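Single-structure report; data block below.
The values are calculated or read from the model by the stated rules, or taken from the named source; none is laboratory data. Just so we're clear, the structure is a prediction, and the values are computed from it rather than from any experiment. For neighbour counting, all protein chains shown are included, and Cβ atoms are generated from backbone atoms with ideal geometry for every residue, glycine included.
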Amino acid sequence: MSSVLATLVVSAVIFCPAQLIHSGFEDMSNGKWDGPGGGGVGGGGGTGQVVGIGKDSFVRSGARAVCLEIWDDGSPDSVAWAAIMQTIPCDTQRKIRVGAWLYFSSSVLPLGSESTAHLRIEYFEDKEGLQLIPTHIYLSPPFDPASYEPDSWHLIEACDRIPRNARSLRVSVVVTGQGMNGRKQAVWLDDLYVDLSPAPFPRGMRRPGKSESTG
Ligand SMILES: [Ca+2]
C-alpha cells in the first residue's frame, strides 16, 4: 500500500463522523441488540418486546417500535427494570451522541411518578464489553411524568466524551420503577441512533484539509 493511500485511509478513519447505529427497530434479526428484556427484585418485574402498530401500541416510524414494561406486586420495596442495549467497539478520543424517541401514555399503562427512563452509556476497557470502567458512566436526565407530557414522542439526547482507556461502549435505554403499588407501566421507544465524531483538536492545531479562508 502506498504511503499516500495509507494516509488517506488513516485520515478517513480518524476524521469522518460515523453513525454506528440508526435503528427504527424494523428488523432485529442481526442479533446485535441485547434485549429488550427486564427483571426485578422484591416483587418487581420487567420485560420488553418489539411491538407493531395497533390499539394500545405506539410506533413513531415504520411498522415497529420497542415497548419496555415494568410492574410489581404492590410491595413497597419492589424494584423493577426493563431495557434494550447494544455494545459496540469504539476508538479513543471521540465524542459520542446518542438519541432516542420515547413515549408514554396517559391511558395505556401510564407511567407513574415512581418510574423513570434514562439513556445510559457505559464504557469498557476491552472490546467485548466485559471490563466496566466504573468511574465513567453517563446517565441522561430522567424521562418521567414530572418533566415530559404524555401521549407524544420526545427526543432524548445524550452527548459525552469517550474516556481514553475505553475500547468499547454500551448504549442502553433503561426504564426503572420502585414501589409502583401494583400498577404495570410502560415506555415506548423508537428511532435510536448513535453517532461518533472526532474530539475537538487541541488549541493551535488545524484540522487537516480545512481551509482557513472559508469565510
Ligand atoms: Ca420504528
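Some notes on this structure:
- Close pairs (7 angstrom Cβ cut-off, 6 or more residues apart or separate chains): in contact (Cβ under 8 Å) with a residue 40 or more places away in the chain and surrounded by fewer than 21 Cβ atoms within 10 Å (Cβ to Cβ) in the range 107-126, assigned to a loop (DSSP other than H, G, I, E, B) and acidic (Asp, Glu) anywhere: VAL108/ASP56; THR116/ASP144
- Residue in the range 157-167 that is in a strand (DSSP E or B) and touching a Ser or Thr at 6+ places or on another chain (Cβ under 6 Å) present: yes
- One residue alone among GLY46, GLY31 is more than 16 Å from the ligand (Cβ to nearest atom) and modelled with pLDDT of 90 or more, and that residue is GLY46.
- Any hit, the range 145-154, residues being within 16 Å of the ligand (Cβ to nearest atom), in a strand (DSSP E or B) and not hydrophobic (A, V, I, L, M, F, W, C): yes
- Scope the range 49-72; condition away from the ligand (no atom under 13 Å from the Cβ) and either surrounded by fewer than 22 Cβ atoms within 10 Å (Cβ to Cβ) or not acidic (Asp, Glu) (or both); matching residues: GLN49, GLY54, LYS55, ASP56, LEU68, GLU69, ILE70, TRP71
- Condition check for PHE124: among the hydrophobic types (A, V, I, L, M, F, W, C) and either more than 22 Å from VAL51 (Cα to Cα) or modelled with pLDDT under 95 (or both): yes
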